[in-house]
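Below is one structure, written out as C-alpha cells; comments come after it.
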Amino acid sequence: MIDKFKVLDIVKDVLEGSDKYLVNMKITPDNRIFVDIDGDNGINIDDCIEVSRAIENSLNRDEEDFELNVSSAGADSPLKMPRQYRRHVGRELSVEPFDGEKVEGRLTEAGDTQFTIKTKGTKKEAPKELTFAYEDVKTARVIIQF
C-alpha cells in the first residue's frame with residue numbers, strides 16, 4: 001500500500017509558501033489516492049496539475065501501481081478547516097450541528113476554535129447570532145446563490 005505520510009509530505013512540500021493548503025487526503029487499500037486542496041484565493045486547474053505531477057514524479061509505478069485524483073475542495077463540499085471558514089466570511093452558510101437542527105445564516109466571524117452566523121429572522125422571530133465550536137458541527141456548507 002502507498003505510504004500516506006510520503007504522499008502527505010509531497011503535497012505539503014508543493015504547497016509550502018503559497019496560499020494553498022491540503023483539505024483532505026485519502027488512500028484506499030487498492031492504492032487509489034484522493035487529494036483535495038484549497039486556497040485563500042481559490043484553486044485553479046494548474047494548482048491541481050502541479051500537485052498531481054509532484055506526486056506522480058515521486059512515486060514509483062513499477063513498485064506499486066496507483067490511481068491519482070487531485071481536485072479542489074468544491075463549492076458544494078463541506079467546510080472542514082477554520083481557514084476555509086475565514087475565507088467565506090460574509091457568505092451564507094447552512095450549518096448542521098451534531099445536537100440540533102440545521103440553520104442558515106451569514107457567516108460573520110471565523111476564529112481558530114469557533115465561528116458565528118447571523119440568521120435572517122422572520123416576521124415572528126428576530127435575527128439571531130449563533131456561535132458554534134467547529135467540533136460541534138456535523139457539516140457546514142456555503143449556500144451557492146445565483
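Number of residues in region 53-67 that are acidic (Asp, Glu), in contact (Cβ under 8 Å) with a residue 24 or more places away in the chain and in a loop (DSSP other than H, G, I, E, B) equals 2. Across region 52-78, the number of residues qualifying as at pLDDT 95 or above and aliphatic (A, V, I, L, M) comes to 4.
Here is a yes/no grid of residues against (1) buried (at least 16 other Cβ atoms within 10 Å of the Cβ); (2) of a type outside the set (D, E, K, R):
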| site | (1), (2) |
| --- | --- |
| Asn31 | no, yes |
| Ile37 | yes, yes |
| Ile43 | yes, yes |
| Asp46 | no, no |
| Ile49 | no, yes |
| Ala54 | yes, yes |
| Leu59 | yes, yes |
| Asp62 | no, no |
| Phe66 | yes, yes |
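Of the strands (runs of 3 or more DSSP E) entirely within region 69-146, those holding at least 2 residues that are open to solvent by 90 Å² or more (accessible area, probe 1.4 Å) occupy 103-110, 114-118, 137-142.
Scan region 8-29 for residues that are within 18 Å of the chain's Cα centre (by Cα), buried (at least 17 other Cβ atoms within 10 Å of the Cβ) and within 20 Å of Glu64 (Cβ to Cβ) and jot them down. Passing the criteria: Val11, Ile27.
The values are calculated or read from the model by the stated rules, or taken from the named source; none is laboratory data. In this text, all values refer to a predicted model and were calculated from it rather than measured experimentally. Using ideal geometry, Cβ is built from the backbone for each residue, glycine included, and neighbour counts are taken over all protein chains shown. Surface areas here come from the heavy atoms of the whole protein model, side chains and all, with no ligands, DNA or RNA. Shrake-Rupley method; radii C 1.70, N 1.55, O 1.52, S 1.80 Å.
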